[in-house]
Amino acid sequence: MEPRRPVVYETLMMTDLVPRTEWHAILRLIVAALAGAAIGWNRQMKGKPAGLRTHMLVSVGAALFGLIPLLVAGSDTASTLGRAIQGVATGIGFLGAGEIIHYIRREPEQPLVYGLTSAAAIWLTAAIGMAAACGLWVITASTVVLALAILSGAERLEGRFPPHRQG
């Protein structure tokens, strides 16, 4: 029996990330919208304020911010794309922070915080949009599946454990 060869992953060149035509760029935006819709539908069905439309818009917006440096001729694509990713990651934090609502119990030293999972889902949706913008189809699809598994399955798993208490 012949020994197995190790799996070697190809490194993508920046030119591999650039859409060949505007139609390829539009396809990437559509994939971003569908990916955001999958996560948004999950949040919508759970009655969360940030649902289908919000997640679709976040994903498409992040994808557009990722596509612009890829499409602009003459830009230093790697560093420009890196700055776009940093900007989206930082900027989406403000949207996520708006999703977090801080409630105070009768005892001020025991605050309740709501919206952390929704904020994290918005943040992840932006990252998925950026992956779609770069044409990273397997990463995009895998992350959506993983996110849906976490949003659906982890909630069931949490119910099996006692709640976390501080103090």
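The values are calculated or read from the model by the stated rules, or taken from the named source; none is laboratory data. Predicted, not measured: the structure shown is a model, and the values here were computed from it. Cβ coordinates were reconstructed from backbone atoms using ideal geometry, including for glycine residues, and neighbour counts include every protein chain displayed.
Residue count for the stretch 17-47 satisfying the condition of being of a type in the set (Lys, Arg) and either on the phi > 0 side of the Ramachandran plot or part of a helix (DSSP H, G or I) (or both): 2.
Restricting Gly167, Gly129 to residues that are at pLDDT 95 or above and not hydrophobic (A, V, I, L, M, F, W, C) narrows the list to Gly129.
The residue that is nearest to Arg53 (Cα to Cα), counting only those in the stretch 98-120 that are at pLDDT below 85 and either in a loop (DSSP other than H, G, I, E, B) or in contact with a helix residue (DSSP H, G or I) (Cβ under 7 Å, 6 or more places away or on another chain) (or both), is Glu99.
Matching residues to (1) modelled with pLDDT of 95 or more; (2) of a type in the set (Asp, Glu); (3) at negative phi:
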residue: Ala73; (1), (2), (3): no, no, yes
residue: Gly87; (1), (2), (3): no, no, yes
residue: Leu95; (1), (2), (3): no, no, yes
residue: Gly135; (1), (2), (3): no, no, no
residue: Thr143; (1), (2), (3): yes, no, yes
